[in-house]
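Asker: Structure incoming, see below.
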Amino acid sequence: MRKLGKFQNFQRLCKKFLHLLNEAQQLRPKKSRMIGSEVEWMIYERETMWKAVNSIRLQRGRPAVSVEEVERVENQAVGHIDYSQKFALYCAKLALEH
């Protein structure tokens, strides 16, 4: 029964992160300038997820992760038709890992 609870919590966190990412994506038209080699919205979305991941990690007494760690899991989702779902899922895993 305990494993089911963990799975349900993980599912809830995935949904929460997906909702947060979708909200950030709504701002893409307003964040279209280039910053270095990236469009502003790319940096904004990554930083939004980074803050969310670290918020959960800190609540659980875990050390914060770098934005590069979030970028690493984001890169695993890039190119997939379900990019947003995968990015949210990978961020949830990152938030909960030891």
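Asker: Can you give the angle from 0 to 90° between the axis of helix 67-77 and the longest principal axis of the chain, with both taken from C-alpha atoms, to the nearest 10?
Answerer: 90 degrees
Asker: Same structure again: Could you size up the charge dipole of the chain around its Cα centre, putting +1 on the beta carbon of Lys and Arg and -1 on that of Asp and Glu, and report it in debye to the nearest 20? Before the final figure, lay out the partial values.
Answerer: On the way: 18 positive and 11 negative charges, 122 e Å.
For this selection, approximately 580 debye.
Asker: Under the 0.36 nm per residue contour assumption, what length would be gained going from the current alpha-carbon distance of D82 and K16 to full extension? Don't skip to the answer; put the middle values down first.
Answerer: Values: separation 66, 0.36 × 66 = 23.76 nm, distance 1.61 nm.
Between D82 and K16, full extension yields an extra 22.1 nm.
Asker: How about K15: which lysines have a C-alpha closer than 21 Å to its C-alpha, ignoring those fewer than 8 places off in the same chain?
Answerer: Counting by Cα, and skipping residues close in sequence, K15 has these lysines nearby: K3, K6, K51, K86, K93.
Asker: Okay, moving on. Do the sum for the chain: with -39,500 (n - 2.57) for every DSSP H run of n ≥ 4, divided by all residues, what is the mean residue ellipticity at 222 nm, to the nearest 500 deg cm²/dmol? Walk me through the intermediate numbers first.
Answerer: Numbers: 4 runs with 69 residues, N = 98.
Mean residue ellipticity at 222 nm (helix-derived): -23500 deg cm²/dmol.
Asker: How tilted is helix 2-25 with respect to the longest principal axis of the chain? Cα atoms for both, answer in degrees (0 to 90, nearest 10).
Answerer: For 2-25 against the chain, the angle is about 10 degrees.
Asker: Taking only the alpha-carbon atoms of the range 2-96, what semi-axes of the equivalent ellipsoid follow from 5 times the gyration tensor eigenvalues under a square root, in whole Å, largest first?
Answerer: Numbers: eigenvalues 116, 42, 26 Å².
Square roots of five times the eigenvalues give 24, 14, 11 Å.
Asker: Still on this structure, I have one more. Can you list the GluC sites (Glu not before Pro) in the chain that are in a DSSP coil and have 11 or fewer other beta carbons within 10 angstrom?
Answerer: For GluC sites (Glu not before Pro) across the chain that sit outside H, G, I, E and B with at most 11 neighbouring Cβ atoms in 10 Å, the list reads E97.
Asker: With a cut-off of at most 11 other beta carbons within 10 Å, and DSSP calling the residue loop, which trypsin sites (Lys or Arg not before Pro) in the range 52-98 qualify? Please list them. It would help to have the intermediate numbers written out before the result.
Answerer: Values: sites: R57, R60, R72, K86, K93; in loops: R60.
Within the range 52-98, the qualifying trypsin sites (Lys or Arg not before Pro) (loop, at most 11 other Cβ atoms within 10 Å) are R60.
Asker: Spin-label point model (7 Å from Cα, Cβ direction): what's the N9 to Q25 distance in nm?
Answerer: So the two model labels end up 2.8 nm from each other.
Just so you know, all these numbers are worked out from the coordinates, no wet-lab data involved. All of these numbers come straight from a predicted model, not from anything done at the bench. No Cβ is skipped: glycine too gets one built from the backbone with ideal geometry, and neighbour counts run over all protein chains shown.
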